Structures are given as C-alpha cells and as structure tokens.
Amino acid sequence: MRGKTVTVAAVAGVTALVAAACGGSSDPKAQGATSPSTSGKAGGAQSPTTASAKQPIIIAFGGDTHFEGQLRSRLATPKTALGPVAAQLRHADLAMVNLETAITTGGTPAPGKQFTFRAPPSAFAALRGAGVDVTSMANNHGMDYMEGGLRDTLAAIKRTRFPVVGIGRNADEAYRPYRVTVKGNRLAIVGATQVLDDNLIEAWTATDTKGGLASAKNVPRMVQAVKEARKGSDIVIVHLHWGQELKACPLPRQQELAKQLVEAGADIVVGGHAHVPLGGGYMNGKYVHYGMGNFVFSSASGQTANSGVLLLRIQNGKVTNDKWKPARISGGIPIPLKGAAAAAEAKRWNGLRGCTGLAARP
C-alpha cells in the first residue's frame, strides 16, 4: 500500500467516493500499511491506532493493461501514465490490474504468436504512480519473450519491489499469495491463468523445478493455493485470466472453476481476457466477476474500448457492495464516463449479469 499521510481534502474526496460508489460509508484511507510479503511491497507502516480494528475498505480492479504503441511514451511520466482514471485507483484502499506484458527489453518472441507484448521496468513505476498496489502477470502475454524475458521480469520485480502475483522462479512462487494488511483487514491475493496457447503450455507453466506462470488449468493446484491463502486471512482474492475473446458471457469452464474456488475459500474471484466486459455478481455470498475487459490498451476500439473500474466494499470479511464505474478507452487510456453516458453504460453492464447465474446482491 501507499505510505502517505492523507490531507483533509483527500479525506473528503475518499469519503465522497466511497459513499457514491458503493452505497455505504467507509473510513478514509489513513497511512498506508502492509504486512511482510513474499513478492515485495510498496509502502510504509501502519499506525498502532489502525492496526488492531478492521475498518471497511474499498478495493478497485482494472482490466488488461499494457504499454504498447502510443502508450510507451507515457512511461516517461509515471504519475500521469494511466491518465484520469488513476484518481479512482488512488482513492481506493487497494487497487489491482492485470499486467498483460513481459517486463523486458530483450528476450526472444514466443513462437507462433501473432501479438507479443513487452515493456521496460518503468511500467512498474507507472502502475505505482497511478495508485496500483498489486498486479497479476499470469496471462497469455506474461511470458511473451520466453525464458529470457522471464528472467528479466523476475529481476525487475525484485529490484522495484512491486507486488506481483501469478509468476515466479518455480510453482511455489507462482502460486504463492501476496499478503497485505489494509486497515486491519488481512488480504491474500493469488493470480493464475486459464488461457495459454497450446504450443506454449509446457514452456510457460511453472513447475517445481522451472520458472513460469501459475496455471489455472491445474485445478487441484489452484484449489490448494486458495486453501493455503485462506490460512490467516480475512479476505482471499483470486485473479484469473480466463474466458473467450469478445464473448460477453462466461464459458462453462469459468463457471465451474469459480464454484470450485469459492468452495475452497475464495471471497473474490475476478479476472479478464475477453477484451470486453462481462458480468459479475454473487455466488453463495462471495463475489465473482467473469471479465474486466481492457483497461490501458493501445489497440482498443469499438466494443473493446468499453472499460471501467470495479469497486468492491469489504466489511467484516465480506463483500457488502459492488459498483461499476464505466469508462471509454481513447488513445489507449480509459476516460471515466460522466452523467447520462455513465448511467447508460452502468445499466448495460448490470444487464451482463443475466447470463452468469450470479446474484445481484450478497
């Protein structure tokens, strides 16, 4: 989390955002706090007055993010790299996106892939500058530059100490949760991908002896990861790369995996891959979202330019409310919608729940 003192103006802004976004009240962000993490951490120490009691918090999720094309030049100014949507991320108590790129300036492009993405380590500075606290790299672009790119990626994670899940030097690291305490709430976050090119599954999947990505195709291993994350945690979040491109309804394998992970102890299951938003809702009181769509994405246009930020309110170990803050991608950057346009897109987004089998309320 970000270790900074909140000004009176910022307190008012966060309080207003929480009230408007999730239909409830939450204490504003005080000084940032983290517990020791296996992935490294970004922020400072929690004050004694906030460490003991669990306060309501807001978690923000954005979708697929890379820095290709016209977005590359934005890395020169990390604080503004993600544009105006960063305000929504900074105001949340914890923010997460899917980083859909290898972090390298070298490596060898993956064979047989039409699109390969890579970005320099300054991508982590851009995420941090925009208020992102943790990212997943378990997706079908996380190892686009193969083993050389993986080595560079892991070195950049270690050097920048930016919290990343779903990737590691071996399976234990790739499936290991990032643990952080936020306003007294102990969070554990796991990342994995259900989408890998057939010819790359073996090369990209982390094993006991080889680095790579956490694969959600190995369901027993995913269930084990969630059960391990459950220990000592108030909230378990699973971030998945899953679904079918441009398909606005979840696949049966997504629905089955969500059920298995919720039964294993996941409180929140979110993810993306389809490049368009899918629906979200509640499964046995737990929150599931089948697809966040694009977020910071250079080629987004038409239906793939529909974007937004998902806000979840957490209180006493449960998701008590959710809100979609719609945006439209322009020049690769999500621009938050306002007024009638925002209301219309939020209504459309809520309608996507119809084919998910999920409930609108906890």
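Where a number appears in this text, it was derived from the coordinates with a stated rule and is not lab data. The structure displayed is predicted, hence computed values, not measured ones. With ideal geometry, Cβ positions are generated from the backbone for all residues, glycine too; neighbour counts draw on all protein chains shown.
For the pair K79 and R161, the difference between a 0.36 nm per residue extended length and the Cα-Cα distance amounts to 27.8 nm.
Projecting the Cα positions of G351, P109, L200 onto the charge dipole of the chain (unit charges on Cβ atoms of Lys, Arg, Asp and Glu, taken about the Cα centre) puts G351 furthest along the positive direction. Computed 3J(HN,Hα) for region 207-212, one whole-Hz value per residue from the Karplus formula 6.51 cos²θ - 1.76 cosθ + 1.60 where θ = phi - 60°, is 10, 5, 10, 9, x, x, glycine and proline marked x.
You can think of it this way: the chain between A53 and K210 has 52.4 nm of extra reach, that is 0.36 nm per residue less the Cα-Cα gap. From most to least packed by mean Cβ count within 10 Å, the peptides 115-121, 213-219 give 213-219, 115-121. Under the convention that each Lys and Arg Cβ holds +1 and each Asp and Glu Cβ holds -1, the size of the dipole of region 8-355 around its Cα centre is about 780 debye. The DSSP beta bridges internal to the chain are antiparallel in roughly 50% of cases. The alpha carbon gyration tensor of the chain gives principal lengths a ≥ b ≥ c with a/c below 1.5, which makes the shape rounded. Rounded, prolate or oblate for region 298-360? Axes are the square roots of the Cα gyration tensor eigenvalues, ordered a ≥ b ≥ c, and the cut-off for rounded is a/c under 1.5. Prolate, since a/c reaches 1.5 and a/b exceeds b/c. Would you mind classifying region 80-135 by shape? Square roots of the alpha carbon gyration tensor eigenvalues, ordered a ≥ b ≥ c; an a/c under 1.5 is rounded, otherwise it is prolate if a/b is larger than b/c and oblate if not. Prolate. For the residue pairs K231/K323; K79/K231; K227/K259; K54/K286; K113/K325, alpha carbon separations beyond 25 Å are given by K231/K323; K79/K231; K113/K325. For the chain, the relative contact order is 17 percent, taking Cα pairs closer than 8 Å that sit 6 or more residues apart in sequence and dividing their mean separation by the residue count. Amide H contacts for G191 (H built 1.01 Å from N in the peptide plane; partners 5 or more residues away or on another chain; cut-off under 5 Å): G166, H239. Listing S73, S330 from fewest to most neighbouring C-beta atoms within 10 Å gives S73, S330.
Over the chain, DSSP H runs of length four or greater, each weighted -39,500 (n - 2.57), average out per residue to a 222 nm ellipticity of -7500 deg cm²/dmol.
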